[in-house]
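The values are calculated or read from the model by the stated rules, or taken from the named source; none is laboratory data. Since the structure is predicted, the reported quantities are computational estimates derived from the model, not experimental observations. Here the Cβ positions follow ideal geometry from the backbone for every residue, glycine too, while neighbour counts run over all protein chains shown. Keep in mind that these areas ignore ligands, DNA and RNA; they rest on the heavy atoms of the full protein, side chains included. Shrake-Rupley method; radii C 1.70, N 1.55, O 1.52, S 1.80 Å.
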Amino acid sequence: MYSAVRKLFFTDCQCAKEPSKTYEELFAKLDTNKDGKVDVSELRAGLAAMGIQTGNAAAQKIVSSGDRDHDDRLDFKEFTKYLKDHEKKLRLTFKSLDKNKDGQIDYMEIKQSFADLGLDISKEDAEKILHRYFSLYLLSCGLGCLSGS
């Protein structure tokens, strides 16, 4: 399963080619009431519709992290800045986790990264971390690949 996801999102994904267009498309999908802002409930519902389940706390954290005017909603500018900043962090994380530099991350590389820190984690925990990482990447990628845009 992860092999297919890795291939799709890290080699075949077209999101990075025109990020502003992808961000516009994603924002339009999430802004269901078309008021020019995305709130926590719109974000949760939109992500769920695209196959990414988030709790209220996670959606609130995303909104709070990007909300510069403190209105508990993201306008397009805030949304875009959040995604760009988050994507940079994820790319750096990806590079550090890709131990064999093959452009893919598997659970063994997650386990090795934790072992480098002196922590032993199970295969199951490594797979959970890997799944979470891909969920975050999908969000930063704009979900355009996932949603068929």
Discussion item. Just the number please: accessible area per residue for the range 61-110, 1.4 Å probe, all protein chains included, in Å².
Written reply: 62 Å²
Practice prompt. Would you mind computing, in nm to one decimal, how far apart the modelled labels at Glu25 and Lys89 are, each placed 7 Å from Cα along Cα→Cβ?
Written response: 2.6 nm
Discussion item. Whole-Hz ³J(HN,Hα) for each residue in the range 22-38, computed from phi via Karplus 6.51 cos²θ - 1.76 cosθ + 1.60 with θ = phi - 60°, x for glycine and proline: what do you get?
Written reply: 5, 4, 4, 5, 5, 4, 4, 5, 6, 7, 5, 8, 6, 9, x, 9, 10
Fill in: Whole-Hz ³J(HN,Hα) from phi, Karplus 6.51 cos²θ - 1.76 cosθ + 1.60, for the range 88-94, glycine and proline x
4, 4, 5, 5, 5, 4, 4
Fill in: Net charge contributed by nearby residues that have their C-beta within less than 12 Å of Asp71 (K/R +1, D/E -1)
-4
Worksheet entry | Vicinal HN-Hα couplings computed from phi for the range 109-116 (Karplus, 6.51 cos²θ - 1.76 cosθ + 1.60; Hz; Gly/Pro x) | 5, 5, 4, 5, 4, 5, 4, 4
